[in-house]
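Just so you know, all these numbers are worked out from the coordinates, no wet-lab data involved. Owing to the predicted nature of the structure, the values given are computational and were not obtained by experimental measurement. Every residue, glycine among them, receives a Cβ derived from its backbone with ideal geometry; neighbour counts consider all protein chains shown.
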Amino acid sequence: MAGTCLSRPVLEQPARLQQQQAAGSIDLGARIARLRGQQGLSLQQLAIRTGIGQQTLRKIEQGRQSPRIALLQQILAAVGSDFDRLLAMEDPHDRRSRRSITRVQQRRALGQNQQLLNADLLSKKMLPIYNRLSDVSRPGGVFEKYPGEVFVMVLRGQLRLRLPDYQTLSLNRGDSVYFDGNQGYRIDNPDSVVAEWLTLIAAD
């Protein structure tokens, strides 16, 4: 039975990445950290997905450990990325003036009620998400957690925000709130009117 061979481009990508990292021309750890943040994953969640120790992942992101190619492939798969995207990313010291426009039809669905904005722009410091609820939400349910700070602004309707350490907060159109996403939160629509809001997540 004949063995399978990797194509030259597939082999060249990891080699080029290693060369650039050795030359100090890329910040591999920072790029991995940003990819993780864009997926809304904590180090602990990434460790569970990959089976790689949390301390090892922290050392990789901080540039104190260089991952083997096989290990890097595991990490990239867990954050929904690949070598092409990793190589195309910009490091903070190389960043130039950038712009990203998202038309309504270009929004990327994250779920039934969420759409990711400006998904084409990599290495963002914040994650913009459009949210919409058309039905009254029942109290209770799972609290969402994000590894970073969260900003919410109501665009339409009314929202009810639940935080573990605070009283339930009612928000109307134009109202906004800023809080720590690590504590967990839940947003409900207390009315039968459609509710829309913008969420900005700044990852740790």
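Structure summary
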{"quantity": "R0 of 25 Å, Cβ-Cβ distance Arg108-Glu144: FRET efficiency to nearest 0.05", "calculated": "0.85"}
{"quantity": "Cα convex hull of the stretch 104-203, projected area averaged across orientations, nm²", "calculated": "6.3"}
{"quantity": "Pairwise FRET efficiency - Met153 versus Asn118, Cβ, R0 = 22 Å, nearest 0.05", "calculated": "0.85"}
{"quantity": "Residues Gln55 and Arg132, FRET efficiency given R0 of 35 Å [Cβ-Cβ distance, rounded to 0.05]", "calculated": "0.30"}
{"quantity": "Residue order, fewest to most surrounding Cβ atoms within 10 angstrom, among Ser176, Ser81", "calculated": "Ser176, Ser81"}
{"quantity": "Estimated inter-spin distance, Asp84 and Gln44, nm [label 7 Å along Cα→Cβ]", "calculated": "3.6"}
{"quantity": "For the stretch 108-121, 3J(HN,Hα) per residue [Karplus equation, 6.51 cos²θ - 1.76 cosθ + 1.60, θ = phi - 60°, Hz, x = Gly/Pro]", "calculated": "9, 5, 9, x, 5, 10, 10, 9, 7, 9, 6, 5, 6, 8"}
